[in-house]
Structures are given as C-alpha cells and as structure tokens.
Amino acid sequence: MKAVVITRPGGPEVLEYREVPDPVAGPEDLLIRVRATALNRADLLQRMGGYPQPGPKPPFEIPGLEYAGEVIAVGERVEGFAVGDRVMGLLAGGGYAELVATHYRLAVKVPDVLSWEEAGATPEVFITAHDALLQCGLAAGERVLIHAAGSGVGVAATQIAKVMGASLVAGTAGSAEKLARAAELGLDLGINYREQDFAEEVLRATDGKGVDVILDVIGAEYWERNLRALAVKGRMVVVGLMGGTGASTNLGVLLQKRLQVRGTTLRARPMEEKATATRAFEKSVLPHIASGRVKVVIDRVYALRDAAEAHAYMATNANFGKIVLVAE
C-alpha cells in the first residue's frame, strides 16, 4: 500500500509518500480501505520528534489519528461489522495510509449523510471534545469557555456544549472572521485573544462570576487567566499545550475557589478507555451529527500524497475546522 512516512524528525519536507507493507489484521480487527483521514496538532508534533506513537516503535512511522473508510476484511472474533460497512474511528497512528487495521470496538458506522471527507474529519476532535466535557461534568445551565474556538476541537466542543445545554458558550480565536464563523455554530461570546483579555471579558459577561468549565488547548500561557476566569467550584480540563508546559502560579487560588484542574490525552489511553469514549460519542453526539444539528466543518482537502503541503498550512493557524487528506 501507499502511505505517508516520517523519514526523520523535522519540517513538512520529511514526510515521504511511499510504498510500505500492508497492515496485518488480527482476529478482533477490521481491515479498512481508507478513504479519508485528517490532520491533528499531534501529527505535527510527531513529525518533529516530540510525540511518538505509543507502544513498540513501528517499522515505518506513519502519522494519522483517525480514519474513515470501507471494511474489506473482518477478523473471526469481530462482532457487529461486515465487509462493505462504512466506518470511522480513532487510531494510535497510521491513518495517513491506504489501509489500516484496527480493533472493531474502536470503529463506528458512518451515517449515510456524511461524505468520506466529513467522516474522516470526525473521530478525533469530536471524541476528544465530548470526552473532555464529560470529564468536567458539564451540566445543563452551566457556562463554558473554549479556547481555540476555530480549531477542530474548538468547533466540535462549541457545538457539543450547546447540545449538552450550556447556558453560555464563550470562545477565543485570533480573528474576527473565525469568531463570526464560530457564532454561526452556537458561540455566544467571541473573544479575540489578540485584542482582548479573555478573563476580563468572561468576568464582564458573567457579572464577575466566571465560567463553570474551561476546555483549554494552550496550557502555560493561559494558566493564570484561566484561574481568574473560573467560577467558584469551576473545573478546567487541559487537552493541549500549544502555549507551553511550565507555569508558576499561586496555588491559593485553587483552594479559595475550590477549583478542579485535570489533564487528559486520548492517544495513549488503554484500548478499553478509548472504546468507552468511542461508544459515549456514538450514543450522545453521533445522532446530532446524523440529524445535521451538529456540523462537521472542513477547512481544506488535500490528496494524501500532498500531506507535507497540508502540514505547512496547518502550521499557519489559518484553518477554521479540519484539514482533510483523501486517499487516491
């Protein structure tokens, strides 16, 4: 099969579209002809040598944390899937390829209304966002702040928070255009982080109370302002560290406000936990995607062989929604 291989740590130029051996499916696996996959920030980090695929080092390092495609073979212990099914799901890696093998419990059947491109753009960000908001215990009527509202996770989280009954969904982005597009998806309060202090804007909009939940992909750069923006007994989940890993803080704020802060990642979790997150998404979010209430937003589509160009584009932070790769 053809796949995109990381030949060495470095820039987009280290991605090579080449022939590699086909994956071998086990007795509980599906073998899938990939029609589409999508970029995630983790792919860029992996390409630069900072986020290797968990587990034993594969003979060929192929990035890609999600896929959509057709089942072409099923293992003898697979339940609920058959050859020809349209499926999508999470991967620990290997999505930038013509074929993938994955455990059947990590697969979800694709609704008929979704194109291959939309399906390929769905699993990683929607499962991540839904799982993060569940970990925070988001309840109907609560207020939420979502950072990077124009990113794939941000676009998913904004819509999921609305479906979960949030009374206020605030979000940050670096341009008025991104905030306007996010507003069309349900964002109530858009904050341009280049021009505004998001903590001040949140406190102003909530009469000084703050938000109950923050979904953060930035990390250290936003730490202090996040604590300011949280309400008493607020909860924050950190799912990314685009703004750095080291922060100095006054821990007294955590005590005074009785805050809860947790970190999470999806890729390195045991298969059982990822299967649980997948089923929760299938039950609570996928029906809203199938009905059209929740949108899968695609920014650009590239051919799989042009993955290097797609990586370069993602590094500009210009995208709103997902960047998709389609197999030829």
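Which residues, taken from the range 193-228, are assigned to a loop (DSSP other than H, G, I, E, B) and more than 20 Å from the chain's Cα centre (by Cα)?
Here is the first cut: in the range 193-228, the residues assigned to a loop (DSSP other than H, G, I, E, B) are 193-197, 206-210, 217-219.
Scanning the range 193-228 gives 193, 194, 195, 196, 197, 206, 207, 208, 209, 210.
In the range 91-113, what residues are within 18 Å of the chain's Cα centre (by Cα), among the hydrophobic types (A, V, I, L, M, F, W, C) and closer than 16 Å to residue 35 by Cβ? Break it down into steps so the answer makes sense when it comes.
Quick first cut of the range 91-113, residues within 18 Å of the chain's Cα centre (by Cα) only: 91-96, 106-108, 110.
Now restrict to residues that are among the hydrophobic types (A, V, I, L, M, F, W, C): 91-92, 106-108, 110.
Hits for the range 91-113 are 91, 107, 108, 110.
With in contact with a Lys or Arg (Cβ under 7 Å, 6 or more places away or on another chain), surrounded by fewer than 21 Cβ atoms within 10 Å (Cβ to Cβ), under 19 Å from residue 267 (Cβ atoms) and in the same structural domain as residue 21 (by TED's automatic domain parsing) as the only criterion, which of 63, 54, 58 stands out?
Of the residues listed, the single one that is in contact with a Lys or Arg (Cβ under 7 Å, 6 or more places away or on another chain), surrounded by fewer than 21 Cβ atoms within 10 Å (Cβ to Cβ), under 19 Å from residue 267 (Cβ atoms) and in the same structural domain as residue 21 (by TED's automatic domain parsing) is 54.
Go through the range 251-272 and give me each residue that's aliphatic (A, V, I, L, M), over 30 Å from residue 103 (Cα atoms) and surrounded by fewer than 13 Cβ atoms within 10 Å (Cβ to Cβ).
If we filter the range 251-272 for residues that are aliphatic (A, V, I, L, M), which is where we start, we get 251, 253-255, 259, 261, 266, 268, 271.
Still in the running and over 30 Å from residue 103 (Cα atoms): 251, 253-255, 259, 261.
The answer is 251, 255.
Of the residues that sit in the range 176-192 and are within 21 Å of the chain's Cα centre (by Cα) and part of a loop (DSSP other than H, G, I, E, B), which one is farthest from residue 226 (Cα to Cα)?
For the range 176-192, the residue satisfying everything is 185.
Considering 247, 229, 220, 180, which residue is in contact with a Gly (Cβ under 9 Å, 6 or more places away or on another chain) and buried (at least 17 other Cβ atoms within 10 Å of the Cβ)? Please lay out each step first, then the result.
Working: 247 fails: buried (at least 17 other Cβ atoms within 10 Å of the Cβ); 220 fails: buried (at least 17 other Cβ atoms within 10 Å of the Cβ); 180 fails: buried (at least 17 other Cβ atoms within 10 Å of the Cβ).
When all the criteria are applied, what remains is 229.
I need the full set of residues from the range 269-289 which are in a loop (DSSP other than H, G, I, E, B) and of a type in the set (D, E, K, R), in order please.
Of the residues in the range 269-289, the ones in a loop (DSSP other than H, G, I, E, B) are 269-270, 285.
Within the range 269-289, 269 is the sole residue that qualifies.
Does residue 134 qualify as being buried (at least 22 other Cβ atoms within 10 Å of the Cβ), farther than 16 Å from residue 290 by Cβ and more than 14 Å from the chain's Cα centre (by Cα)? Quick ask: steps written out before the conclusion?
Numbers: buried (at least 22 other Cβ atoms within 10 Å of the Cβ): no; farther than 16 Å from residue 290 by Cβ: yes; more than 14 Å from the chain's Cα centre (by Cα): yes.
For residue 134, the condition - buried (at least 22 other Cβ atoms within 10 Å of the Cβ), farther than 16 Å from residue 290 by Cβ and more than 14 Å from the chain's Cα centre (by Cα) - is not met.
Of the residues 100, 213, 125, 155, which single one is in contact with a helix residue (DSSP H, G or I) (Cβ under 6 Å, 6 or more places away or on another chain) and either at pLDDT 95 or above or more than 30 Å from residue 79 (Cβ to Cβ) (or both)?
One residue alone meets the criteria, 125.
Name the single residue, out of those in the range 294-328 being outside any helix (DSSP H, G or I) and among the hydroxyl-bearing types (Ser, Thr, Tyr), that is farthest from residue 283 (Cα to Cα). Walk me through it before giving the result.
Just the residues of the range 294-328 that are outside any helix (DSSP H, G or I), to begin with: 294-303, 315-328.
Still in the list and also among the hydroxyl-bearing types (Ser, Thr, Tyr): 302, 316.
Working: 302: 30, 316: 35 Å.
Only one residue tops the list, namely 316.
If residue 245 passes every condition in (1) assigned by TED's automatic domain parsing to the domain that holds residue 106; (2) within 30 Å of residue 50 (Cβ to Cβ) but one, which one does it miss?
Failed condition: (1).
Which of the residues spanning the range 263-281 are of a type outside the set (A, V, I, L, M, F, W, C) and under 17 Å from the mean Cα position of the chain (by Cα)? So that I can check it myself, show each step before the final result.
Looking only at the range 263-281, we keep the residues that are of a type outside the set (A, V, I, L, M, F, W, C), and these are 263-265, 267, 269-270, 272-274, 276, 278-279.
Passing the criteria: 263, 264, 265, 267, 269, 273, 274, 276, 278, 279.
Residues are listed down the side, and each one gets a yes or a no for (1) touching a strand residue (DSSP E or B) at 6+ places or on another chain (Cβ under 6 Å); (2) surrounded by 24 or more Cβ atoms within 10 Å (Cβ to Cβ):
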site: 69; (1), (2): yes, yes
site: 80; (1), (2): no, no
site: 85; (1), (2): yes, no
site: 88; (1), (2): yes, yes
site: 94; (1), (2): yes, yes
site: 110; (1), (2): yes, yes
site: 119; (1), (2): yes, yes
site: 161; (1), (2): yes, yes
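Select from the range 1-53 the residues that are closer than 20 Å to residue 104 by Cβ, outside any strand (DSSP E or B) and not aliphatic (A, V, I, L, M) and list them in ascending order.
Once the filter is applied, which keeps residues that are closer than 20 Å to residue 104 by Cβ, outside any strand (DSSP E or B) and not aliphatic (A, V, I, L, M), the range 1-53 yields 22, 23, 26, 27, 28.
Step by step: first the residues of the range 54-69, then only those that are over 16 Å from residue 122 (Cβ atoms) and of a type in the set (D, E, K, R), then the one that is nearest to the chain's Cα centre (by Cα). Which residue is that? Full working, then the answer.
Let us first name the residues in the range 54-69 that are over 16 Å from residue 122 (Cβ atoms), namely 54-63.
This time we only want the ones that are of a type in the set (D, E, K, R), so: 57, 61.
Values: 57: 23, 61: 21 Å.
Taking the candidates together, the pick is 61.
What residue, of 266, 241, is within 15 Å of residue 133 (Cα to Cα) and assigned to a loop (DSSP other than H, G, I, E, B)?
Working: 241 fails: within 15 Å of residue 133 (Cα to Cα).
Every option except 266 fails the conditions.
Tell me whether the range 204-218 contains one or more residues that are in contact with a Ser or Thr (Cβ under 9 Å, 6 or more places away or on another chain), of a type in the set (A, V, I, L, M, F, W, C) and under 30 Å from residue 252 (Cβ atoms).
There is at least one residue in the range 204-218 that is in contact with a Ser or Thr (Cβ under 9 Å, 6 or more places away or on another chain), of a type in the set (A, V, I, L, M, F, W, C) and under 30 Å from residue 252 (Cβ atoms).
The values are calculated or read from the model by the stated rules, or taken from the named source; none is laboratory data. Remember, it's a predicted structure, so these values are computed and weren't measured experimentally. Virtual Cβ from ideal backbone geometry, glycine too; neighbours counted across all protein chains shown.
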